[in-house]
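Student: Below: one structure in structure tokens.
The values are calculated or read from the model by the stated rules, or taken from the named source; none is laboratory data. Keep in mind it's a predicted model, so treat the numbers as computed, not measured. Here the Cβ positions follow ideal geometry from the backbone for every residue, glycine too, while neighbour counts run over all protein chains shown.
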Amino acid sequence: MATLDFSFYTWANISNYLLSGLYFSVALTIAATVGGIALGTIIALMRLSNIKPLEYIATWYVNVFRSVPLVMVILWFFLLVPSGFYDLFPGGSGQKYRAEICALITFVVFEAAFFSEIVRAGIQSLPRGQTNAGQALGMTYAQNMRYIILPQAIRNMLPVFLTQTIVLFQDTSLVYAIGAYDILKGFEIMGNTFGRRIETYLLAAVVYFIISFFLSMLVKKLNQKIRIVR
């Protein structure tokens, strides 16, 4: 039976192999969350607009992306998008960071389908009287959503948003499939360098657990505060 050895796990090696990967994983999570919520809100409003073409497009979008594994979408985008697309980025950065750009675009597009359902459910959870009150004041649909509906709905949706963000952070490990340098890739390189792959994958699991557990505790506390406000 092999003996586990973690002596290679020093701050110098963490700095050399893991920090840049952790930075990318966190940055991808934050950017995909912000972009996914923004795009998801638009899609949710399209589904609630009662304009049939917009409603149909939004429904199709959500159903397609919620029915396909994320790793397949990542691979499709990485393999099918022409390399000329990456030449649009200045200074040759597009080709240099092709995997990272692919990961960001894919995550925003994919997560928007899930965030849109959260937004739609949050809006529909509010009493119909809120919308009627805005209409009685002479507000347009856009004004009603901006000043009355969305501020209340977003407060109710925050815990669910953060829960989805935790799932998103865990899913960032899938960019490993296209060679992006995330934290899992950093662990793999460190394991190959020191010949300790078992130890590095165990450590990777611990890191993902600690971060996800910490964030889940924040969600729990936030949910308790929102209940008190209600």
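Student: With touching a Phe, Trp or Tyr at 6+ places or on another chain (Cβ under 6 Å) and in a helix (DSSP H, G or I) as the only criterion, which of Ala12, Ala32, Ala27 stands out?
Tutor: Matching residue, one of Ala12, Ala32, Ala27: Ala32.
Condition check ((1) within 18 Å of Arg120 (Cβ to Cβ); (2) buried (at least 17 other Cβ atoms within 10 Å of the Cβ)) across all residues:
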residue	(1), (2)
Gly36	yes, yes
Glu55	yes, no
Val71	no, no
Ile74	no, yes
Phe77	no, yes
Gly91	no, no
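Student: Related question: Inspect all residues belonging to the range 163-178 and state whether any of them is over 14 Å from the mean Cα position of the chain (by Cα), touching a residue at least 60 places away in the same chain (Cβ under 8 Å), part of a helix (DSSP H, G or I) and over 17 Å from Arg47 (Cα atoms).
Tutor: Scanning the range 163-178 turns up at least one residue that is over 14 Å from the mean Cα position of the chain (by Cα), touching a residue at least 60 places away in the same chain (Cβ under 8 Å), part of a helix (DSSP H, G or I) and over 17 Å from Arg47 (Cα atoms).
Student: Here is a follow-up. Of all residues in the range 104-123 being touching a residue at least 40 places away in the same chain (Cβ under 8 Å) and farther than 22 Å from Pro69 by Cβ, which is surrounded by the fewest Cβ atoms within 10 Å (Cβ to Cβ)?
Tutor: Out of the qualifying residues, it is Arg120.
Student: Related question: Residue check, Arg146 against (1) within 16 Å of Ile43 (Cα to Cα); (2) of a type outside the set (Ser, Thr, Tyr); (3) without any contact (Cβ under 8 Å) to a residue 40 or more places away in the chain; (4) touching a helix residue (DSSP H, G or I) at 6+ places or on another chain (Cβ under 6 Å), all met but one. Which one?
Tutor: (4)
Student: Which ones in the range 8-44 are of a type in the set (Val, Ile, Thr) and over 19 Å from Ile105 (Cα atoms)?
Tutor: Once the filter is applied, which keeps residues that are of a type in the set (Val, Ile, Thr) and over 19 Å from Ile105 (Cα atoms), the range 8-44 yields Thr10, Ile14.
Student: Same structure again: Among (1) at pLDDT 90 or above; (2) in contact with a Ser or Thr (Cβ under 9 Å, 6 or more places away or on another chain), where does Asn156 come up short?
Tutor: If we test Asn156 against (1) at pLDDT 90 or above; (2) in contact with a Ser or Thr (Cβ under 9 Å, 6 or more places away or on another chain), just (1) comes out false.
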